[in-house]
1. Using label points projected 7 Å from each Cα along Cα→Cβ, tell me how many nm separate ARG33 and VAL2, to one decimal.
2. Return the whole-Å distance between the Cα centroid of region 10-69 and the Cα centroid of region 79-128.
3. Please calculate the 1.4 Å probe accessible area of THR60, with all protein chains present, and give it to the nearest 10 Å².
4. Per residue of region 38-46, what does 6.51 cos²θ - 1.76 cosθ + 1.60 with θ = phi - 60° give for ³J(HN,Hα)? Whole Hz please, x for Gly and Pro, Karplus curve as stated.
5. Quote to one decimal, in nm, the extra length available between LYS45 and THR19 on full extension: 0.36 nm per residue of separation minus the C-alpha distance between them.
6. Take peptides 92-99, 3-10, 16-23 and line them up by average Cβ neighbours within 10 Å, highest first, as a rough protection proxy.
7. Need one number: nm distance between label points at GLN111 and ASP64, each 7 Å from Cα along Cα→Cβ, rounded to one decimal.
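The values are calculated or read from the model by the stated rules, or taken from the named source; none is laboratory data. Remember, it's a predicted structure, so these values are computed and weren't measured experimentally. Virtual Cβ from ideal backbone geometry, glycine too; neighbours counted across all protein chains shown. The accessibility values were calculated without ligands, DNA or RNA, using every heavy atom of the protein model including side chains. Shrake-Rupley method; radii C 1.70, N 1.55, O 1.52, S 1.80 Å.
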Amino acid sequence: QVHLVQSGGGLVQPGGSLTVSCAASGLSDSFRRYVLGWFRQAPGKDREFVAAITRSGGNTYYLDSVRGRFTISRDNAKNTFHLQMNSLKPEDTAVYYCAADSSLIQSSYRQHTQYDYWGQGTQVTVSS
């Protein structure tokens, strides 16, 4: 019922920037009630937490290796959220997934198994 549709991604050179976006539809609750997150999965690795933003947008959380380079944001008026990625490194290469959940608690925001709704994923490749 809830659908998250991603856009963006692609190929970028090291040091470059890219934004991936996610648009939500079919929501049974106000978009403002959803905790939003971004995860990524590289070949041979588990899906890992990248960033999350609280319902109010007042707090953001980041994987240590992306903090200072990536920015998560949300636009509650448009039911969209974004991950701006700057200073990209080859190690950032992965399939990126957006995720949302209306009942997520603070202690669970890093756990991908706790999110009910997922985007389709989009490839981000950082290569020269």
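1. 0.9 nm
2. 4 Å
3. Counting only protein heavy atoms, the figure is 60 Å².
4. After applying 6.51 cos²θ - 1.76 cosθ + 1.60, I find 10, 10, 9, 9, 9, x, x, 10, 6 Hz.
5. Numbers: separation 26, 0.36 × 26 = 9.36 nm, distance 2.24 nm.
Contour length minus Cα-Cα distance gives 7.1 nm.
6. Details: 92-99: 22.6, 3-10: 15.9, 16-23: 18.8.
The peptides rank, most packed first, as 92-99, 16-23, 3-10.
7. 2.1 nm
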